[in-house]
Amino acid sequence: RKEVEQDPGPFNVPEGATVAFNCTYSNSASQSFFWYRQDCRKEPKLLMSVYSSGNEDGRFTAQLNRASQYISLLIRDSKLSDSATYLCVVNTNNDMRFGAGTRLTVKP
Amino acid sequence: GAVVSQHPSWVICKSGTSVKIECRSLDFQATTMFWYRQFPKQSLMLMATSNEGSKATYEQGVEKDKFLINHASLTLSTLTVTSAHPEDSSFYICSAVTGTSRNEQFFGPGTRLTVL
């Protein structure tokens, strides 16, 4: 089993749609969780950290379920500019592991 | 936020040559830098962890004699791909952190290497 698993997609959604991604991790001792965004041929950029209580940043909501060992990212009112690959990142004892990413394409 | 640069941004070379990639933290001192490799449609794979003034720690399966890492100062780390082959063609990305926690990594823009 991979340490961090994501549905690779692609997710093709119309503008204004709501889309959700899930990510599962294998190590129950993992402490920190993040969502990164990576545009084609660019470096990853931190989108948001994921807290146990869940957190929201504008149209983006992240949730963590420790019991089931998964994290989620919800994007509301999708914009064309949201098209990118979303990487799930898990930190276990200062060892960061990246998921392969979920590709999102938002269409007009 | 902190800025990390990489040079070159892309390079094409012949098989058998060596390629050096530089990673610089522009406005902060990086205690630790990381080198990643990313093949198309795959996740970032950590290659090595580099601390200033000490030998790099390589991940399992990464040849230290092929991927030479030098971290000469708190603002510069270099990765040299020696005797490059077509299978080394990839996107190489560095990142840097300022403290002991790896939670906030600042990524460089990446270097796309194509070996003919």
Notebook entry, point to check: How many of the residues making up the range B:1-18 are under 15 Å from the mean Cα position of the chain (by Cα) and either among the polar types (S, T, N, Q) or surrounded by 19 or more Cβ atoms within 10 Å (Cβ to Cβ) (or both)?
Noted result: 5
Checklist line | Top-ranked residue of the range B:24-47 - restricted to ones that are charged (D, E, K, R) and over 11 Å from the mean Cα position of the chain (by Cα), ranked as farthest from the other protein chains (Cβ to nearest Cβ) | finding: B:ASP27
Item checked: the range A:62-85 - residue that is out of contact with any Gly (no Cβ under 6 Å at 6 or more places or on another chain), closer than 24 Å to A:ALA29 by Cβ and in a strand (DSSP E or B) and, of those, farthest from the other protein chains (Cβ to nearest Cβ) -> A:ASN65
Check: Which pairs do you get when a residue that is charged (D, E, K, R), found in the range B:10-23, comes within reach of a residue that is crowded, with 16+ Cβ neighbours inside 10 Å, reach meaning Cβ atoms under 6 angstrom, with the pair 6+ apart or on two chains?
Finding: B:LYS20/B:THR78; B:GLU22/B:THR78
Notebook entry, point to check: Can you name the residue in the range B:88-108 that is surrounded by fewer than 21 Cβ atoms within 10 Å (Cβ to Cβ) and at pLDDT below 95 and is also farthest from the other protein chains (Cβ to nearest Cβ) among such residues?
Noted result: B:THR98
Next item on the list: Among residues belonging to the range B:49-68 that are touching a Leu at 6+ places or on another chain (Cβ under 8 Å) and modelled with pLDDT of 95 or more, point out the one that is farthest from the other protein chains (Cβ to nearest Cβ).
Entry: B:LEU68
Notebook entry, point to check: Looking only at residues in the range A:1-44 that are assigned to a loop (DSSP other than H, G, I, E, B) and among the aliphatic types (A, V, I, L, M), which one is surrounded by the fewest Cβ atoms within 10 Å (Cβ to Cβ)?
Noted result: A:ALA29
Margin query: Could you tell me how many of the residues in the range B:67-96 are over 14 Å from B:GLN6 (Cα atoms) and among the hydroxyl-bearing types (Ser, Thr, Tyr)?
Written below: 5
Checklist line | Of all residues making up the range A:47-61, the number that are touching a strand residue (DSSP E or B) at 6+ places or on another chain (Cβ under 9 Å) and either in a loop (DSSP other than H, G, I, E, B) or over 15 Å from A:ILE75 (Cα atoms) (or both) | finding: 5
Next item on the list: Those residues that are outside any loop (DSSP other than H, G, I, E, B), more than 14 Å from the chain's Cα centre (by Cα) and not polar (S, T, N, Q), I need them from the range A:86-108; list them, please.
Entry: A:ASP95, A:MET96, A:VAL106, A:LYS107
Notebook entry, point to check: How many residues, within the range B:71-80, are over 10 Å from the mean Cα position of the chain (by Cα) and assigned to a strand (DSSP E or B)?
Noted result: 4
Notebook entry, point to check: Does the range A:45-65 contain any residue that is crowded, with 19+ Cβ neighbours inside 10 Å, free of Cβ contacts under 8 Å to residues at least 12 places away in the same chain and under 24 Å from B:VAL97 (Cα atoms)?
Noted result: no
Item checked: Residue, surrounded by the most Cβ atoms within 10 Å (Cβ to Cβ), within the range A:70-81, restricted to residues that are modelled with pLDDT of 95 or more and under 18 Å from A:LYS2 (Cα atoms) -> A:ILE71
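The values are calculated or read from the model by the stated rules, or taken from the named source; none is laboratory data. What you are looking at is a predicted structure, and each value in this text was computed from that prediction instead of being measured. FYI the Cβ positions are ideal-geometry reconstructions off the backbone, even for glycines, and counts take in every protein chain you see.
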